[in-house]
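Trainee: Below is the structure I would like to discuss, written out as structure tokens.
The values are calculated or read from the model by the stated rules, or taken from the named source; none is laboratory data. Note that this is a predicted model, so its numbers are computed, not measured. Neighbour counts are summed over all protein chains in view; Cβ atoms, including those assigned to glycine, are modelled from backbone coordinates with ideal geometry.
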Amino acid sequence: MKALEIDDDGVVTLLSDVLEDLGVHNARLLLAPAEDNRNVRETVIVDAEDDDAIRPGALVMLIGARGRAALPALRRIVADRPTAVAVKGNERELEAAAELLRPTGVGLVAVAPGLRWDKFESVALDRVRENDVLKNDGRFSDVPGESATSVHRDLFAIAQTTATLTNGHVVIEDPGNKVLAYSPASNDVDELRRLSILARRGPEKYQKLLKESGVYKHLQATEAPVHVEANVDAGLRERVAIGIHAGSRVMGYIWLQEGAEPLAANTDRIMVGAARHAAIELVRHRNEQSQSMREDRVSSLLSGTAQVHSQAQSAGIDPSKPAALVLISAGGLSQSAAGLQLRRGELSKVASIHAAAYRPGAVVGALGMETAIILPDLDPLKSLPAINRLVNTIVRDATTHLHFQVQAAVGPIVPRLDALHATLDHVRSVLKVMESTPQVRVASYSDVETTVLTRELLELLESRTTLRHAGITRLCSRYPEFALTLLTYLEFFGDVNRCAEELAVHRNTVHYRLRRACEVAGLDLQSADERLLAHLQIRLWTYAGTKG
């Protein structure tokens, strides 16, 4: 047995956090652990033949047994009540294991057979370490002595992201005007903001002034932002405020103060998104389900299982209505693992605010290495242009405010949310195609359908190693220059002049190489079948070369 990163101090790492990092295609939660058994404090690799004791709070990776063969080991392990056991196999193969564990409060994770245990362990370990850092170092220096709880982290992140997108300064208050979070201050804040931060509550004289002007009455009555003009005599700069609403209940307020630069043109829309996003976090916190403790909603909504309906209902989403998936990749960043993780977190915050402004029920989260946006309750005929505008705005703001380039793939609108999982591979294929065209920032499946299908065809041919013409194989391995000339010739429909121009050689050189290619491979270019076969096999050869 091998145990790693034991945490005796109770670091809060939920099993769902680990599964979110792995992605639903690698690991799927078949059985959730009991409410009192969700914290992962260490990762443990256990051989099916081991009989060592396991501590509570362990995420056990059971090696050496798959499917039903894991039952004897599970019967031994369950007595120690770990958080969950990860076993390789699919849902059908692990039915008996789920029945065994169900009354015990121990969770069960189905691991894809192709996933290496070392990768599973590495992802789980990274999540435990990350939360260990947050536990030991997660204090906000600008709130002396106050521990950075999960809801504080979430609200400070919303404040900072909103400030960045609007060019202003943000304060988030509770209904009693107590300051919950704020963006980092600079020299261009006014007296109201400065005093609010210092006292962590709005000064009474300013609160009275705002209440007498009817601002709070407006904020409590509507979800629309209200603009408050600058008051030179009172020392107030221009402000935009919005109420944080959860149904008919007001959960707090967001105040945006104008800074040194004018506020962004889309400030009102960003404030709507920020308020909706903040409402979700405050409600989760009230229900003891803050962002850092949430279930793996993205993976669950894309799982294609019964979890879709329960997760949708808990998020207030109608699973019977049309939905779409967007994947955003920042994988091209040449940074350390920690730097990439930080940037992806920043990207998720920007995407969350914009997506919430577009659809209150939008779900944003990590899915493997990408950021996923699930957009529910769509109009199959009218929503696509609006989705494209939304995604282009997110990509633009990632470039402008986060200073890195991302690419986004927009999936098709499906008739029901529970059918969304069927589009995941297609949307990932779009991102894969976009890797070779970094200048393209946003694309949908219809934009690159031909390229995606061609790649899938080549991958299918690549897996069938017997489907090879011996002469063409010999040509590619021994005379690659002749093979590339033949491919170029075929792709230009037999136009020798265009082929010569593309290769920057004389047309006579093209004729010579084509003659030698046909001699080496034994091809007759008058035959349509032989032209097709040569085109496909040489394309496959170049495709395999680009992958290597």
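Trainee: Tell me, yes or no, whether region 179-190 has at least one residue that is touching a His at 6+ places or on another chain (Cβ under 9 Å), of a type in the set (Ser, Thr, Tyr) and at pLDDT 80 or above.
Mentor: Yes, region 179-190 contains a residue that is touching a His at 6+ places or on another chain (Cβ under 9 Å), of a type in the set (Ser, Thr, Tyr) and at pLDDT 80 or above.
Trainee: Ok, one more. Taking helices (runs of 4 or more DSSP H) that fall entirely within region 476-547, which contain at least 1 residues that are loosely packed, with under 14 Cβ neighbours inside 10 Å and without any contact (Cβ under 8 Å) to a residue 24 or more places away in the chain?
Mentor: Those helices (runs of 4 or more DSSP H) span 496-503, 507-521, 528-547.
Trainee: Only one of (1) under 30 Å from PRO385 (Cα atoms); (2) touching a helix residue (DSSP H, G or I) at 6+ places or on another chain (Cβ under 9 Å); (3) of a type outside the set (Ser, Thr, Tyr) is not met by ARG513, so which one is it?
Mentor: Result: ARG513 fails condition (1) only.
Trainee: Let me ask something additional. Kindly indicate whether THR465 is surrounded by 16 or more Cβ atoms within 10 Å (Cβ to Cβ) and either of a type in the set (S, T, N, Q) or within 30 Å of LEU431 (Cβ to Cβ) (or both).
Mentor: no
Trainee: A further question on this structure: Working only within region 204-230, note down all residues that are of a type in the set (Val, Ile, Thr), in contact with a Leu (Cβ under 7 Å, 6 or more places away or on another chain) and either assigned to a helix (DSSP H, G or I) or at pLDDT below 85 (or both).
Mentor: none
Trainee: Hey, another quick one. TYR445 versus (1) touching a residue at least 40 places away in the same chain (Cβ under 8 Å); (2) surrounded by 15 or more Cβ atoms within 10 Å (Cβ to Cβ): which is the lone unmet condition?
Mentor: Of the numbered conditions (1) touching a residue at least 40 places away in the same chain (Cβ under 8 Å); (2) surrounded by 15 or more Cβ atoms within 10 Å (Cβ to Cβ), the odd one out for TYR445 is (1).
Trainee: Only one of THR267, THR222 is in contact with a Ser or Thr (Cβ under 6 Å, 6 or more places away or on another chain) and not basic (Lys, Arg); which?
Mentor: From the options THR267, THR222, the qualifying one is THR267.
Trainee: Against the definition (charged (D, E, K, R) and in contact with a Leu (Cβ under 8 Å, 6 or more places away or on another chain)), how does ARG513 come out, yes or no?
Mentor: yes
Trainee: While we're here: Go through (1) touching an Asp or Glu at 6+ places or on another chain (Cβ under 7 Å); (2) more than 21 Å from ALA355 (Cβ to Cβ) one by one and return the number of the condition HIS245 breaks.
Mentor: For HIS245, the failing item is (2).
Trainee: Under 8 Å by Cβ, and 6 or more places apart or on different chains, what pairs join a residue from region 175-189 that is more than 11 Å from ALA159 (Cα to Cα) with one that is modelled with pLDDT of 70 or more and among the aromatic types (Phe, Trp, Tyr)?
Mentor: PRO175/TYR253; ASN177/TYR253
Trainee: Any idea how many residues of region 406-442 are surrounded by fewer than 17 Cβ atoms within 10 Å (Cβ to Cβ) and either on the phi > 0 side of the Ramachandran plot or among the small types (Gly, Ala, Ser) (or both)?
Mentor: Residues meeting the conditions: 3.
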